[in-house]
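Reviewing the structure listed below.
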Amino acid sequence: MQAETLLRYRGIFQQELGNILRYWQTYAIDRPNDDFYGAVDLENRPVPGVNKSCVLIARILWTFAAAARLEGREDYAAVADSAYRVLLSQFWDRAHGGFFMAVTPAGQIADATKHTYMQAFASYALCQYFRLNGSAEVLTLIRDSFALFEAKTKDPNHPGYLEAFTPDWQPSAENRMADNNEPKSMNTHLHLLEAYASLYEVWPDPAVATRLRELLLIFLDKIIRPSGHLGIFFDDAFNETEPSRGICSFGHDIEASWLLCEAAEALADEALLARTRGLAIKMLDAVERVGFDKDGGLFLESYRHGSHVRTNKHWWLQ
């Protein structure tokens, strides 16, 4: 691709980024309370009574911290500052550590579940926020959170991490990442890998490297199927469960292909990186064969081992 074409696309994407961030600044922020709304309606009016999720606030924090670093804009940094304050003051459990799943519009606990998926998003956001401001307080929270997650969420008997916990970190039967309440999911481990790769970049501790490598190898050895698609749900020992076997999630396949490469690059292991890149290409080829619409866009998923494609086009895949 020629340089002038790349520059043209850069301008287009930069303009689009500004439009998207402006929308969130305009409609998502509860300015009288220095807070955020849980949802807005089709007229962009706040929907009363809708809870705020930990993932929502963590994503706002990550996005505006990254945008502030990219653009050097104080208004983006201010949104990140507000999201950080909300995340800590409303979602962080001061008694037992970790982040709750959801709070009410007033900031009271609405769902006290501690899901590993949520912890991963929060950690990922905090790493980006630390890159923005270099705060010693944020780095301490990042380090303490890593130690907590390893002590509470890592499976002591099998590879990987458990999914859901009570406020005092007892394993919970409720598992929001699994259709049939399976004990382990691809999605949780993918976002934990993403968080640990980011963590290792801001805090290159050997313990983080060890866990990041373990997560990467779980994907290479356990989660990626011979077809190149990802398995979805697993038992304790990371065997894919029977109801999950025929499902292909094209968006997760695409997402994982580059997140796995980022993790391998962070570890700076050339042999592991070469293996990961080879599998990433295989994953992309698998999606190209089945997941793309000839008119453009990526389908949602398929069942029956790819023979039955759901042609919905959800936003996050695109």
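The values are calculated or read from the model by the stated rules, or taken from the named source; none is laboratory data. What you see is a predicted model, and the numbers here were worked out from it, not measured in a lab. Note: ideal-geometry Cβ built from the backbone for every residue, glycine included; neighbour counts use all protein chains shown.
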Of all residues making up segment 228-254, the number that are part of a helix (DSSP H, G or I) and either hydroxyl-bearing (Ser, Thr, Tyr) or out of contact with any Ser or Thr (no Cβ under 9 Å at 6 or more places or on another chain) (or both): 7
Is there any pair linking a residue in segment 78-101 that is on the phi > 0 side of the Ramachandran plot to one that is surrounded by fewer than 22 Cβ atoms within 10 Å (Cβ to Cβ) and hydroxyl-bearing (Ser, Thr, Tyr), with Cβ under 6 Å and at least six apart or on different chains, and which? none
Of Leu42, Leu61, the only residue that is in contact (Cβ under 8 Å) with a residue 40 or more places away in the chain and either surrounded by 20 or more Cβ atoms within 10 Å (Cβ to Cβ) or more than 24 Å from Ile142 (Cβ to Cβ) (or both) is Leu61
If you take the residues of segment 214-225 that are surrounded by fewer than 18 Cβ atoms within 10 Å (Cβ to Cβ) and touching a residue at least 40 places away in the same chain (Cβ under 8 Å), which of them is nearest to Ala274 (Cα to Cα)? Leu220
Limited to segment 192-209, what total is found for residues that are outside any helix (DSSP H, G or I) and surrounded by 23 or more Cβ atoms within 10 Å (Cβ to Cβ)? 0
Out of Leu87, Leu42, Leu7, which single residue is assigned to a helix (DSSP H, G or I) and either of a type in the set (Gly, Ala, Ser) or modelled with pLDDT of 95 or more (or both)? Leu87
Output the number of the condition that Ala271 fails; it satisfies all remaining conditions of (1) surrounded by 13 or more Cβ atoms within 10 Å (Cβ to Cβ); (2) within 30 Å of Trp203 (Cβ to Cβ); (3) among the small types (Gly, Ala, Ser). (1)
With (1) in contact (Cβ under 8 Å) with a residue 60 or more places away in the chain; (2) in a helix (DSSP H, G or I); (3) surrounded by fewer than 24 Cβ atoms within 10 Å (Cβ to Cβ); (4) not basic (Lys, Arg) as the list, and Leu126 as the residue in question, which single condition is left unmet? (3)
Can you find even one residue in segment 129-142 that is over 25 Å from Lys222 (Cβ atoms), among the hydroxyl-bearing types (Ser, Thr, Tyr) and within 20 Å of the chain's Cα centre (by Cα)? yes
Near pairs, Cβ below 7 angstrom, 6+ apart or cross-chain, from segment 1-23 (under 19 Å from Ala80 (Cβ atoms)) to any residue that is of a type in the set (Phe, Trp, Tyr) and assigned to a helix (DSSP H, G or I): Leu21/Tyr76
